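To start, the structure itself, in structure tokens.
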Amino acid sequence: MAEVAAIILAAGLSRRMGAQNKLLLPVNGVPMIRHVVTQYRAAITGPITVVIGHDAPLVEAALAGIDAICVTNTGYASGRQSSVAFGLQHCPPADVVLIGLGDQPLLCARDICDLLEAHRAGDQGKISVPTQGDTRGNPIVIPSKCRPLLTADPARPGCMRITRENPELVQKLSLTADGFFTDVDTPAAYTNLRKQEAQLT
């Protein structure tokens, strides 16, 4: 069993970006989703499962050659939580699984490693959520014993319900890197990203 696996959510309709699929927009010369998955691959050696849906062939093509498995959630239009459940069904067993977003290009491999180190230094049996004040970030860290809870209720799967309704299962980790708290889902956010592009690794 792997120590750390990752599920990256990349199935959404990208409505707020307009006509363009945000995950295919260039970041440092490659599609955003490729940039993001590359950071996860640099941070962990375990399996990476990318949940795709909208524009699935194009998103999968953007990841060609990367050591990651794409799985297509045909029910992606019903919302993010269906993709979380779908990803958990297809992600191999691991001591912990990271659940992250495909539209966080400011997140770098060092940030992911810092999150995992903070999780290991805390209560490893709890779900770890990066926070900055009252702001919650992504990815979150799910230990193996908590993983079944996310799909225990088929009508209400996913992370948000479990972490909101069961605070005793959660530890908030104070982390400062912008990558945890910045997603790029509007034209304005993408324009701002391009101004910061030189900082990305």
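The values are calculated or read from the model by the stated rules, or taken from the named source; none is laboratory data. Everything numeric in this text was worked out from a predicted model, so none of it was measured. Glycine gets a Cβ as well: all are built from the backbone with ideal geometry, and neighbour counts include every protein chain shown.
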Count - residues of the stretch 16-31 that are under 10 Å from residue 190 (Cβ atoms), assigned to a loop (DSSP other than H, G, I, E, B) and either touching an Asp or Glu at 6+ places or on another chain (Cβ under 9 Å) or without any contact (Cβ under 8 Å) to a residue 60 or more places away in the chain (or both): 1
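Provide a single number: the residues in the stretch 51-61 that are part of a helix (DSSP H, G or I) and surrounded by 23 or more Cβ atoms within 10 Å (Cβ to Cβ).
Keep residues of the stretch 51-61 that are part of a helix (DSSP H, G or I), which gives 56-61.
Filter once more, keeping what is surrounded by 23 or more Cβ atoms within 10 Å (Cβ to Cβ): 59.
Within the stretch 51-61, residues that are part of a helix (DSSP H, G or I) and surrounded by 23 or more Cβ atoms within 10 Å (Cβ to Cβ) number 1.
Could you please give the count of residues in the stretch 114-149 that are of a type in the set (Ser, Thr, Tyr) and in contact with a Leu (Cβ under 6 Å, 6 or more places away or on another chain)?
Going through the stretch 114-149, the residues of a type in the set (Ser, Thr, Tyr) turn out to be 128, 131, 135, 144.
Of the ones still in play, those that are also in contact with a Leu (Cβ under 6 Å, 6 or more places away or on another chain) are 128.
Total meeting the criteria: 1.
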Residue that is surrounded by the fewest Cβ atoms within 10 Å (Cβ to Cβ) [pool: residues in the stretch 1-21 that are farther than 17 Å from residue 87 by Cβ and among the small types (Gly, Ala, Ser)]: 19
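Here is a check on your reading of the model: is residue 34 charged (D, E, K, R), buried (at least 18 other Cβ atoms within 10 Å of the Cβ), at pLDDT 95 or above and part of a helix (DSSP H, G or I)?
yes
Could you count how many residues in the stretch 136-177 are of a type in the set (S, T, N, Q) and modelled with pLDDT of 90 or more? Walk me through it before giving the result.
Of the residues in the stretch 136-177, the ones of a type in the set (S, T, N, Q) are 138, 144, 151, 163, 166, 171, 174, 176.
Still in the running and modelled with pLDDT of 90 or more: 138, 144, 171, 174, 176.
Number of matching residues: 5.
Does residue 129 satisfy being β-branched (Val, Ile, Thr), over 23 Å from residue 186 (Cβ atoms) and touching a Lys or Arg at 6+ places or on another chain (Cβ under 6 Å)?
Values: β-branched (Val, Ile, Thr): yes; over 23 Å from residue 186 (Cβ atoms): yes; touching a Lys or Arg at 6+ places or on another chain (Cβ under 6 Å): yes.
Yes; evaluated as a whole, the condition is true for this residue.
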